[in-house]
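Colleague: Let me begin by handing over the structure; questions about it come next.
The values are calculated or read from the model by the stated rules, or taken from the named source; none is laboratory data. Keep in mind the model is a prediction, meaning the values are calculated, not measured. FYI the Cβ positions are ideal-geometry reconstructions off the backbone, even for glycines, and counts take in every protein chain you see.
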Amino acid sequence: MILAAGRGERMRPLTDDCPKPLLKVRGRALMQYHVDALARAGYGEVVVNTAWLGEQIERHFESPAGSARQPRIRYSHEGRDFGGALETAGGIARALPLLDETFWLVGGDVYVPEFSFDPEAMARFVAGGKLAHLFLVPNPAHNPRGDFGLRPDGLALNEGEPRYTYSTLGLYRKALFAGLPAGNPQGIKAPLAPLLRAAMDNGDVTAEIHTGPWTDVGTPQRLAELNAT
């Protein structure tokens, strides 16, 4: 699942008439990198949630701008159904009927060109039985304190050192979202972090470090810096 429903307030005015996941980095839409990487890994179907200017995302992947090798894309239209985005966990819960029991998750607004959605990583996750497996990155300047700790044995922690930043990439099991109504028919807005932290307290979340290039394209300056190199 690619998260693509956010308004991108910090990216304004660039996002006033373009959804953030379609902003271009080095000639390609941000989320196109993810779709192409999923295609290379052999995945045949991707779920995308939308809200702000979601129709542009649909048009992009129906047009020649999309990759000819891209997977089938199915949409969860939060903007159409509820008038706006449902936050991360609310949006995932809404899309659960479209997803397998375990699934990849990635934010549509991060640039991570060397990440591989490795089917073997999925197989290990399925066999392991945890509720989530996160990919963390060294803390960028805009998040110096990080998000989660990481034990030497790979367990992710609410607290503890060293701390790393959550990349938005992860493997998830539907059971993590059992506290939300199946399919989220009422459109409940809910963040993801509290669910992850509760699961961490029960020892149900693992993590590893992604050391390749990664940028949270959260400001026009970061986008300009990527496009200048």
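Colleague: Do we have any residue at all in region 212-222 that's surrounded by 13 or more Cβ atoms within 10 Å (Cβ to Cβ) and assigned to a helix (DSSP H, G or I)?
Modeller: The answer is yes, given that some residue of region 212-222 is surrounded by 13 or more Cβ atoms within 10 Å (Cβ to Cβ) and assigned to a helix (DSSP H, G or I).
Colleague: Can you pull out the residues in region 155-198 that are under 19 Å from Met1 (Cα atoms) and small (Gly, Ala, Ser)?
Modeller: Ser167, Gly170, Ala175, Ala178, Ala182, Gly183, Gly187, Ala190, Ala193
Colleague: Now, a different point. Anything in region 191-209 that is surrounded by fewer than 19 Cβ atoms within 10 Å (Cβ to Cβ) and assigned to a loop (DSSP other than H, G, I, E, B)? List them, or say none.
Modeller: Pro191, Asn202, Gly203, Asp204
Colleague: Here are some conditions: (1) in a strand (DSSP E or B); (2) closer than 18 Å to Val47 by Cα; (3) of a type outside the set (Val, Ile, Thr); (4) without any contact (Cβ under 8 Å) to a residue 60 or more places away in the chain. Tyr172 meets all but one. Which one does it not meet?
Modeller: For Tyr172, the exception is condition (4).
Colleague: If you don't mind, another one. Please go through region 129-150 and pick out each residue that is closer than 22 Å to Ala198 by Cα, more than 18 Å from the chain's Cα centre (by Cα) and modelled with pLDDT under 95.
Modeller: Listed by number, the residues that qualify are Gly129, Arg145.
Colleague: Here is a follow-up. Taking the residues in region 9-21 that are buried (at least 21 other Cβ atoms within 10 Å of the Cβ) and out of contact with any Asp or Glu (no Cβ under 7 Å at 6 or more places or on another chain) as candidates, determine which candidate is nearest to Trp214 (Cα to Cα).
Modeller: The selected residue is Met11.
Colleague: Against the condition under 23 Å from Tyr33 (Cα atoms), free of Cβ contacts under 8 Å to residues at least 60 places away in the same chain and surrounded by fewer than 22 Cβ atoms within 10 Å (Cβ to Cβ), how does Arg72 come out, does it pass?
Modeller: yes
Colleague: Name the residues in region 149-169 that are closer than 18 Å to Gly128 by Cβ and touching a residue at least 24 places away in the same chain (Cβ under 8 Å), would you?
Modeller: Listed by number, the residues that qualify are Leu150, Gly154, Leu155, Ala156, Leu157, Leu169.
Colleague: Buried (at least 18 other Cβ atoms within 10 Å of the Cβ), farther than 21 Å from Gly203 by Cβ, of a type in the set (Asp, Glu) and within 18 Å of the chain's Cα centre (by Cα), is that true of Asp118?
Modeller: Against the criterion (buried (at least 18 other Cβ atoms within 10 Å of the Cβ), farther than 21 Å from Gly203 by Cβ, of a type in the set (Asp, Glu) and within 18 Å of the chain's Cα centre (by Cα)), Asp118 does not qualify.
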